[in-house]
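Undergrad: Okay, handing you the structure first.
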């Protein structure tokens, strides 16, 4: 297993365009998370899936953002009508949730750096 | 308002010096993790602590979880230039849906 893979690594887009990012998690992991990180800040939670079910979305996530995990494997994050404020590093992580919510650490991908011009 | 407050925000030291980074919260966490992140990459897990008062050592790094499970510290002995990076603490708690919430991080720069 090569870890969590994210594509593309970098994306430059014009304001108003739609973009889609892909994340391939570690195959044995049942949870997949999307975070956003801006310069000088820690990762900020966006949404997560347990298998194919999307269990939570951040209140900070506008309706321009949508995420899917159609077969409980890879996930996509789409941003419609991008704005300059969407510029950030988008991080995907996966983990194996055991028992009563015990979480033993995330494996992050290298992220997708989005620049909206 | 950050759920996890990290201090200091930035630390610049000489190679060979010792340092401590702190992570504090008013919330109780079921587990707390430390990650290290390099520019342009995702965070990499260093350690997970789950028991109040727990101390874990990873070579020159010592991690401690507070007795009340509200705070943690990371101590580095004899820092090396390769320790340079962003150190993030992250906590999991049932009230947050057991997803990780992150602090803003401490940027460590070790100079030769």
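Undergrad: With N residues in the range B:11-106, what two-decimal value do you get for its Cα radius of gyration over 2.2 N^0.38 Å?
TA: 1.06
Undergrad: Oh, and also: Can you compute the label reach from residue A:22? Point 7 Å from Cα along the Cβ direction, backbone N cut-off under 16 Å, restricted to the range A:68-83.
TA: Output list for this probe position: A:68-79.
Undergrad: Taking neighbour counts of Cβ atoms within 10 Å as a proxy for exposure, in what order, fewest first, do A:65, A:49 appear?
TA: Lowest to highest Cβ neighbour count: A:65, A:49.
Undergrad: A follow-up question, please. Can you give the FRET efficiency for residue B:17 and residue B:50, using 1/(1 + (r/R0)^6), R0 = 30 Å, r = Cβ-Cβ distance, to the nearest 0.05?
TA: 0.50
Undergrad: Counting only C-alpha contacts under 8 Å and six or more residues apart, can you give the relative contact order of the range A:1-88 as a whole percent?
TA: 31
Undergrad: Sticking with this structure for a sec: Give the calculated FRET efficiency between residue A:64 and residue B:26 to the nearest 0.05, with a Förster radius of 35 Å applied to their Cβ-Cβ distance.
TA: 0.60
Undergrad: Can I ask one more? Go ahead and run the numbers for FRET between residue A:73 and residue B:58, Cβ-Cβ distance against an R0 of 35 Å, rounding to 0.05.
TA: Computed FRET efficiency for residue A:73 and residue B:58: 0.65.
Undergrad: Here is a follow-up. Quantify how strongly other chains surround peptide B:30-39 by giving the mean number of their Cβ atoms within 10 Å of each of its Cβ atoms.
TA: Neighbouring Cβ atoms belonging to other protein chains average 3 per residue here.
Undergrad: Extending each Cα 7 Å along its Cβ direction at residue A:15 and residue A:39, get the distance between those two points in nm, one decimal.
TA: The answer from the label model is 1.8 nm.
Undergrad: Counting partner chain Cβ atoms within 10 Å of every residue's Cβ in B:41-54, what's the average?
TA: 4
Undergrad: Could you give the length gained by full extension between residue B:112 and residue B:5, i.e. 0.36 nm per residue of separation minus their alpha carbon distance, to one decimal place?
TA: 35.6 nm
Values in this text are rule-based calculations from the coordinates and carry no lab data. Fair warning: this is a prediction, and the values are worked out from it, not measured in the lab. Reconstructed Cβ throughout: ideal geometry from the backbone, glycine too, with neighbour counts over all protein chains shown.
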